[in-house]
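The values are calculated or read from the model by the stated rules, or taken from the named source; none is laboratory data. Predicted, not measured: the structure shown is a model, and the values here were computed from it. Note: ideal-geometry Cβ built from the backbone for every residue, glycine included; neighbour counts use all protein chains shown. Side chains included, ligands, DNA and RNA excluded: accessible areas come from the protein's heavy atoms. Shrake-Rupley method; radii C 1.70, N 1.55, O 1.52, S 1.80 Å.
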Amino acid sequence: MKQTTLWVVLALLIGLAGHGSTDDGRSATMSEQIRVYSVERGEMVETRTVVKSDEEWRAELPPEAYQVTRRHGTERACSGNYWKNDREGVYRCIGCGNDLFVSTTKFTSGTGWPSFFQPVHEANIGTEVDRSYGMVRTEVHCSRCGAHLGHVFDDGPKPTGLRFCINSAALEFVEMEVEPPPSR
Ligand code: FE
């Protein structure tokens, strides 16, 4: 009888340990291998998705970046670091460093948010229908860590006709020489 009790206790302990430290439902999601485009390398590269708990993101990101990327927030127009930035370089995801946009696809939209007519590669972002606030919009997020970036609209300039309206708080700009985007 005593031995049975011991086994039950052991089984419970092993079961608890197996669940890890996060219990927000993401613990079951494992990091996966993906291919994204690297601006620096000029080619597709293998990487892994970044999976973190809400507590980890909150601790690691600046407050506004956390609100925007993990809580689908929107920074005030004309308040961010990059809507007027016209330096040459790459805009990376603040959460995971994934390359998202390059300066050669940035344009002046007059909205007060950094605006681009295309991402560095379609593999580097994901989109989803967003029905919040009584509107139907297309949400844009980082394909590597899931960070909410902004929205994409179909009133952009040539050659794509798209306007990626992105929060500065979701981005980290790195100055570097970039080539004009190849048409894909
Ligand atoms: Fe990311």
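Looking across the stretch 143-164, the residues that are away from the ligand (no atom under 14 Å from the Cβ) and either crowded, with 24+ Cβ neighbours inside 10 Å or not in a strand (DSSP E or B) (or both) come down to ASP154, ASP155, GLY156, PRO157, LYS158, PRO159, THR160, GLY161, LEU162, PHE164. The set of residues in the stretch 9-42 being open to solvent by 80 Å² or more (accessible area, probe 1.4 Å) and at pLDDT 50 or above consists of ALA28, MET30, GLU32, GLN33, ARG35, GLU40, ARG41.
For GLY110, are the conditions met, namely being modelled with pLDDT of 95 or more, of a type in the set (Gly, Ala, Ser) and either open to solvent by 10 Å² or more (accessible area, probe 1.4 Å) or within 13 Å of the ligand (Cβ to nearest atom) (or both)? So GLY110 fits the description; yes. Residue count for the stretch 55-100, restricted to those that are acidic (Asp, Glu), more than 30 Å from GLU177 (Cβ to Cβ) and within 15 Å of the ligand (Cβ to nearest atom): 1. Put simply, of SER115, SER79 the only residue that is open to solvent by 40 Å² or more (accessible area, probe 1.4 Å) and more than 24 Å from GLU32 (Cα to Cα) is SER79.
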